[in-house]
Structures are given as structure tokens and as C-alpha cells.
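Q: First, the structure itself, so that you have it in front of you.
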Amino acid sequence: MALTASDVTIRFGGVVAVNRMALDVLPGEIVGLIGPNGAGKTTFINCLSGTYRPNAGSALWGGDELIGLSPSALLRKGVARTFQNVASLHDLTVLDIAKLGASVRRDRRFGGHLLDFFRSERALEAALTESILAPLELTDVAHKPIQTLSYGRRKAVDLARALAGDPQLLLLDEPVAGLTSHEGMAMAKAVRDVRDRLGCAVIMVEHKMDVVMSTCDRIAVMAAGSKIFEGLPAAVQADAEVRRVYLGEP
Amino acid sequence: MSARQLAITVGVAVLMGVLGLALGRYAAYLVNAVAIAALGALSLNLIIGYCGQISFAQGALLGVGAYTAGNLSNAGLDGAVAILGGGLLGAAVSALVGLPAMRLRGLYFAIATLAAQAILEYLFKILDPLTNGVSGLVITPPTILGFPMNSDQSLVVPSLVILVLAWLAVSRLMRTDLGRAFLVVRESEIVAKGMGIDVSHAKMQAFLIGGFIAGVAGALAGYANRLASPEAFTLDLSADYIAMIIIGGLGTWPGPLIGAAFVVLLPEAIQRVGEAAGISDILSALRELAFGLLIILFLIFEPRGLTALLSRLRPRGIGAAPHGSVGAPGESGQPQEGGSR
Ligand SMILES: Nc1ncnc2c1ncn2[C@@H]1O[C@H](COP(=O)(O)OP(=O)(O)OP(=O)(O)O)[C@@H](O)[C@H]1O
Ligand SMILES: [Mg+2]
């Protein structure tokens, strides 16, 4: 399925954080979203993932309107996001987080919890370890509480959570920021592998240009809430306006 | 739960049972008191320690269980049915107590539970036909599954069996999606929402389950005292339960039992010493002060309570919770938002 976002606008008091933002993403495509600090990238992701409700705009996903749905409803539709800042959730292990990610696809009212109580999680654990944790190099820490992990590994755990829900549309907010270059490379590779495996559509907000250039099929540039450019990675680097606004050249 | 937790739970209960049955009436009385307090603390640890919803109404919820079970068994029902009834009404009332948590958070919710405690205490006093007002409802010793509960010793086995069942159920619960959702809600509702957790639903489940266990604990308390009176289920009792889970260790696995044993047994010990030395009046006045101080000290220096202290004494000790540096519930190190700030 493809995403067609158009006219997405959200205001906070007098600030128009996102202004008539439009973006299309095809299945199997990784679209990079770059722009200076405060450009509205995270806010745009928040609008698509149900965290914020935009004042106006539409986000069609295979004919369904995503705007107005709650994060949990969106997750059931296969729209998952990762966070720019990862929460340190005490007492939960890496595997626990992955299980939480997997649980969102199931609607669990009407006694579902009671069934959980008697159901063994062995099979689920094995499946998550093999298909989600192993590619992200998290197998060795599967039973570690996540507050004991490095920042980079916690970001990988957040991605694991999103992936455990079998996403069709993956919204990544700076997955590589704050990681060592080795961790960053592994993360970028994991994102490409997921796209290849699931064929999902990906929006990746990121500042690290080398990662953006090597990972994304297409790049959109935001500044002051609006999209100022969109094109192939090479075209973005060549564009004078982008260089001035974003790459800080005169 | 793990096999180790199962073994520890059953082992501790058997030990308590042997002590309670072999050492006479007073030991049986103490074992019952600890088991009942541990049940109440278990229920509050679920609500505060795991789900992060600070409640001051747990004492009144025990009262609901005591009055309900007392009336049911006085009317001729078997104690087992009456205890179940106490649990069910406890769950229903707890859901009402938790209702404001759908909208309020943190301190504001805590204050709402204070109001709930006050309202319930008032109801205990005025719902005369059910509660017999300020003088309290006298509870005839019931039979549980046919066994007469006419002595402290006779109540030991039912109390401990129920404690073990509740303990194992909560341990198991914490290894399901719902239990894991509690822990995320405790850390940050914003993060929980972003992860697709139905926060209101999770909180409501915590109150229902916690209320059920509290109601059952109250039913047993009524049978142990043969009386359900308004003075027995005041804010003081709620405060005692909060003391237990903080001293035992918030959100830890063995914490409720350790805290309950500490809070129940220490005053008894002080009393014995005081009687022997002829200064019991002064010492019992010091009790509240001592617990208040202990709570503050634990909150500042060891939020994981005695559980953490004990597991530090023994590196591979009973502190089953993965060691963390949890502050008070809901107060995570970095409360990260669903996006940038
Ligand atoms: N909840 C909010 N209330 C008020 N203003 C907000 C809110 N969320 C975002 N903003 C504002 O919207 C603008 C865009 O912020 P946003 O976080 O989307 O930027 P960003 O592109 O993600 O930046 P960065 O690269 O630093 O992460 C900023 O001016 C920010 O202050
Ligand atoms: Mg951002």
C-alpha cells in the first residue's frame, strides 16, 4: 500500500509547526525526511502516527484515512513509529519490549487477557528472537533489562518493538542519531533489510547525511514547517536552496 | 512465574504454616496477620508499584471485603463463597475508586483516592443494616469448605493457601502483555500510548485485580477479628499498606511480604519489649513516628526497599526484580515524550 499525505497542517498557539506538508511513499520505498532543527519533522511524524491531531490535512493509506486514528488503531493497521528519544523503561527486558510490540496487532478485550494468563510464551519468544532480535544483534541481551543497555542498543530495541508489530508503514525518527558510526551503519542496514523483507514503506527522519544518502530512495527537505524540496539523493545534494537552508552554505 | 518463584512462594508459605500451627495461638495470630497484610500489600503493589497509580483507599477496600464476607457468611453461606463475594465487591468498588485515574494523574489522582477513602469510611458508619454503624458488624466464625474457623489456628491454612494463589497469580500476570503494559504505564503514559497500549484499559484492570485481592484480604481480616468496624479500615490502614510496599520495595516481587512482615511484626516486638520494661505506652506512641521516618529514609536512600537491601547482602539473593534505579513510580529517569520536545 502507498501513503499519500497532503496539506497536513498543525499549529501550536501562533506557531505553524507543520504547514501544508505533502508526501507520498510507495511500498518498498525509503523516503528520507531532512531539515534543520525545529523544521517540523518530528511533528509531522507525530501527526501520521496519531500522537498529534493536525488542524487540517489528510493521510491516505491504501484508501483509508489515517488522520484522526489513535496510535493503537494505527498500529493495528500496520503503522508503526520509533521515537527520537528512547524511553528508559525500568524492569522491562529487551524481549518484553519486543513482546509489547508484537501484542499491538491483537485486540485483547473480552477475556483475551485471561487466555494470556494460561498461554505459554515460549513459541512467541523463539519467533521474536529469531526474526526480530537476531537481525538487530540483540539476541545476547534478550533477557537484559533495557535500562542496562547503551543508548545505541536502546534505539535498536525501539526499532525491534516497532518491527515486532509487522509494520507496513514504518516511521523512523532519527534512528541513527546518537549512535556510534558502527552502530549507525548496522542500524541503517537493518532498516534496508526490513524494507526488503517486509516490503514496507518507510519514512526516515535523519540528520546524518551519509546515512540518508546511502539508505534513502528519495529525500524530502523540510524547513519552517513546509516542504522546500523533494527529489533523488543526488539532486538534493546539488540543489542550491537546500545547501543554503540545510547544509549551511552561503 | 519462574520455577524458582514457585518454589520460594510455596516454601515460605509452608514455613509460615508450620510456625503458625506448631507454636500456639499467638504464633497463629501473627501468621494470619502477616498473611492478610501481605495480601493487602500485594494488591497495592500491583496498583502503585507496578502500574504507578498512587492510591490511599486500599484500607477502605479491605473494609468492603470484610463487611461483604461477614454479611454473606452470617447469612449462612460457606466462608469460601463469602470470601469470593468480598473479592468481587472489592473489585467493583476499586473500579469506582480508579475511575478518576482515567482523567487525573499523579498527585491529583492520589487526592481523589483520599476522598474515596473518606466516603467509604462514612458509608461504613451509616449503612446500618449492612454495617451495624459505628459499633461494627460482629462476624460469626464461618466454616470454610466445611472446616469451622473457630480459632486462630484454623484460619492459618486458608489464609496461606489464598496468599500463595494470589501471589502466583500476580507473578504470572506480570509476565503477560497486560502486566508488561502496567510497567510502561508506570514509567510514562505518553510513551505507553505511543506504543499502542490502551492506558485507561490497563489502569482499570490494575484496579479491578488489585481490588479483588484487597477484598479477599479484607474478608480474611474480618474472619480473623470476628468483627468489621469502621475504625479497622481507616486512612491509617491505607497508610500502613503504603508503608509496607515502600519498606518492602516498590514494584518488587518479594516486597509486599517483606514489608508486611516488617510492619506487622516490628510493633509486636516493640510491644513485648515495652511490656517487659514497663514503658509500652511511650513505645506505642513512637510507632507511627518510626514508620514515617522509615518511609522517608527508604524513599530517599533505597526506593527498592528491604528487598534491595537484602539482595545486596546476598549477591544472588531473593531480590527477584531486575535491579534498576527506579525512583518513585511514574518518575522515570528520563521521561521521554512521543517525539522531540
Ligand atoms: N507540543 C508542542 N507544543 C508547542 N510547540 C511544539 C510542539 N511540538 C512541536 N512544537 C514546535 O514545532 C516546531 C517543530 O518542531 P519539531 O520537533 O517537529 O522539529 P524537528 O524538525 O523534529 O527538529 P529536530 O531536528 O530538532 O528534532 C518547533 O518550533 C517546536 O517548538
Ligand atoms: Mg525531531
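The values are calculated or read from the model by the stated rules, or taken from the named source; none is laboratory data. Everything numeric in this text was worked out from a predicted model, so none of it was measured. Every residue, glycine as well, gets a Cβ built from its backbone with ideal geometry; the counts of neighbours run over all protein chains shown. Ligands, DNA and RNA are excluded from the accessible area calculation, which covers all protein heavy atoms including side chains. Shrake-Rupley method; radii C 1.70, N 1.55, O 1.52, S 1.80 Å.
Q: Counting only other chains, and only Cβ atoms inside 10 Å, what mean value do you get across the residues of A:43-56?
A: Shielding by partners across A:43-56 averages 2.
Q: Select from A:W61, A:P36, B:N225 the residue farthest towards the positive end of the dipole of the protein assembly as shown; place +1 on Cβ of Lys and Arg, -1 on Cβ of Asp and Glu, and compute about the Cα centre.
A: A:W61
Q: Out of residues 5 or more away from A:A56 or on other chains, whose amide H comes under 5 Å of its own, with H placed 1.01 Å from N in the peptide plane?
A: It is A:T9, by chain and number.
Q: For chain A, modelled as a GNM with alpha-carbon contacts under 10 angstrom, which of A:V205, A:V15, A:V176 fluctuates the most?
A: For chain A, modelled as a Gaussian network with Cα springs under 10 Å, the answer is A:V15.
Q: May I ask you to work out the translational diffusion coefficient for the range B:92-219 at 20 °C, viscosity 1.002 mPa s, via Stokes-Einstein with Rh from the Kirkwood sum over Cα pairs, reported in whole µm²/s?
A: Estimated via Stokes-Einstein, D reaches 124 µm²/s.
Q: Moving on to the next point. Would you mind checking the pairs A:K77/A:K99; A:K189/B:K203; A:K77/B:K203; A:K144/A:K189; A:K77/A:K144 and listing those with alpha carbons more than 28 angstrom apart?
A: A:K189/B:K203; A:K77/A:K144
Q: What number, in percent, do you get for the relative contact order of the range A:85-166 if the mean sequence gap of Cα pairs under 8 Å and at least 6 apart is divided by its residue count?
A: 58 percent
Q: May I pose another question? Between the range B:245-299 and the range A:47-74, how far is it from one alpha carbon centroid to the other, in angstrom?
A: Going from one Cα centre to the other spans 53 Å.
Q: Please report the relative contact order for chain B, taking Cα pairs under 8 Å with a sequence separation of at least 6, and give it as a percent rounded to a whole number.
A: Contact order relative to length: 29 percent.
Q: Also, quick follow-up: In the range A:85-166, if the dipole is taken from +1 on Lys/Arg beta carbons and -1 on Asp/Glu beta carbons about the Cα centre, which of A:A123, A:T139, A:L89 is farthest to the positive end?
A: A:L89
Q: For chain A, calculate the relative contact order in percent as a whole number, restricting contacts to Cα pairs under 8 Å that are 6 or more residues apart.
A: RCO, chain A: 28 percent.
Q: Within the range B:212-319, which trypsin sites (Lys or Arg not before Pro) sit in a loop by DSSP and count at most 11 neighbouring Cβ atoms inside 10 Å?
A: Of the trypsin sites (Lys or Arg not before Pro), the ones in loops of the range B:212-319 whose Cβ has at most 11 other Cβ atoms within 10 Å are B:R316.
Q: Just tell me how shielded B:167-176 is by partners: mean number of partner chain Cβ atoms within 10 Å of each residue's Cβ, no decimals.
A: Per residue, the average neighbour count from other chains is 3.
Q: Taking chain B as a Gaussian network, Cα atoms linked when under 10 Å apart, which of B:L250, B:L19, B:L160 shows the biggest mean-square fluctuation?
A: In this elastic network of chain B, the residue with the biggest mean-square fluctuation among B:L250, B:L19, B:L160 is B:L19.
Q: When a/c is below 1.5 the answer is rounded, else prolate if a/b is larger than b/c, else oblate, so apply that to the range A:165-232 with a ≥ b ≥ c taken from the square roots of the Cα gyration tensor eigenvalues.
A: Details: a/c = 1.81, a/b = 1.22, b/c = 1.49.
Verdict is oblate for the range A:165-232.
Q: Something else about it: How large a share of the accessible area of the range B:3-234, in percent, is made up of carbon and sulfur atoms when the probe is 1.4 Å and the other protein chains stay in place?
A: 73 percent
Q: Could you tell me how many degrees, from 0 to 90 and to the nearest 10, lie between the Cα long axis of helix B:3-22 and the main elongation axis, the longest principal axis, of the Cα atoms of chain B?
A: It is inclined by approximately 20 degrees.
Q: Find the Rg to Rh ratio for chain B, where Rh is the Kirkwood radius over alpha-carbon pairs and Rg uses the same atoms. Don't skip to the end; give the middle numbers.
A: Values: Rg = 19.5 Å, Rh = 20.2 Å.
Using Cα coordinates only, the ratio equals 0.96.
Q: Which whole-number percent of Cα pairs in the range A:85-166 have a distance greater than 21 Å?
A: In whole percent, the share of Cα-Cα pairs in the range A:85-166 beyond 21 Å is 27.
Q: If you don't mind, another one. When ranked by the protection proxy of mean other Cβ atoms within 10 Å per residue, highest first, what sequence do the peptides A:220-229, A:82-91, A:60-69 form?
A: Numbers: A:220-229: 20.5, A:82-91: 24.6, A:60-69: 15.1.
By packing density, highest mean first, the sequence is A:82-91, A:220-229, A:60-69.
Q: Any chance you could give the angle, 0 to 90 degrees and rounded to 10, that helix A:94-103 forms with the longest Cα principal axis of chain A?
A: 80 degrees
Q: Taking 1 over the mean of 1/r across every pair of different Cα atoms in the range B:162-298, what Kirkwood radius in Å do you get? List each step's numbers first, then the result.
A: Numbers: mean 1/r = 0.0578 Å⁻¹.
Answer for the range B:162-298: a Kirkwood hydrodynamic radius of 17.3 Å.
Q: So, one more: Which value in deg cm²/dmol, rounded to the nearest 500, describes the helix-derived mean residue ellipticity at 222 nm for chain A, given -39,500 (n - 2.57) per DSSP H run of n ≥ 4 and division by the residue count?
A: -10000 deg cm²/dmol
Q: Over the Cα atoms of the range B:1-119, compute the convex hull volume and normalise it per residue, giving Å³. Show your work: numbers first, answer last.
A: Working: hull volume 16.0 nm³, N = 119.
Given the Cα convex hull of the range B:1-119, per-residue volume reads 135 Å³.
Q: Alpha carbons only, please: Rg and Dmax for the range A:127-250, in angstrom.
A: Rg then Dmax for the range A:127-250, in Å: 16.0, 52.
Q: At 25 °C and 0.890 mPa s, what whole-number value in µm²/s does Stokes-Einstein give for the translational diffusion of the range A:41-132, with Rh from the Kirkwood sum over Cα pairs?
A: Approximately 159 µm²/s, per Stokes-Einstein.
Q: Right, here's the next one. Would you pull out the residues with amide H under 5 Å of A:M222's amide H, same chain only if 5 or more places away, H placed 1.01 Å from N?
A: Correct list: A:I34, A:G35, A:I228.
Q: Need one value for A:77-90: mean number of C-beta atoms belonging to other chains within 10 Å of its residues' C-beta atoms. Before the final figure, lay out the partial values.
A: Working: counts 0, 0, 1, 2, 4, 1, 9, 6, 9, 3, 15, 10, 12, 15.
Counting other chains' Cβ atoms within 10 Å and averaging over A:77-90 gives 6.
Q: Calculate the radius of gyration of the Cα atoms of the protein assembly as shown to one decimal place, then report Dmax, the largest Cα-Cα distance, as a whole number, both in Å.
A: Reported Rg and Dmax, both Å: 27.7, 91.
Q: How many percent of the alpha carbon pairs in chain A exceed a separation of 27 Å?
A: In whole percent, the share of Cα-Cα pairs in chain A beyond 27 Å is 36.
Q: Quick check: the angle from helix A:181-198's long axis to the longest principal axis of chain A, C-alpha only, nearest 10 degrees?
A: Once rounded, the angle reads 80 degrees.
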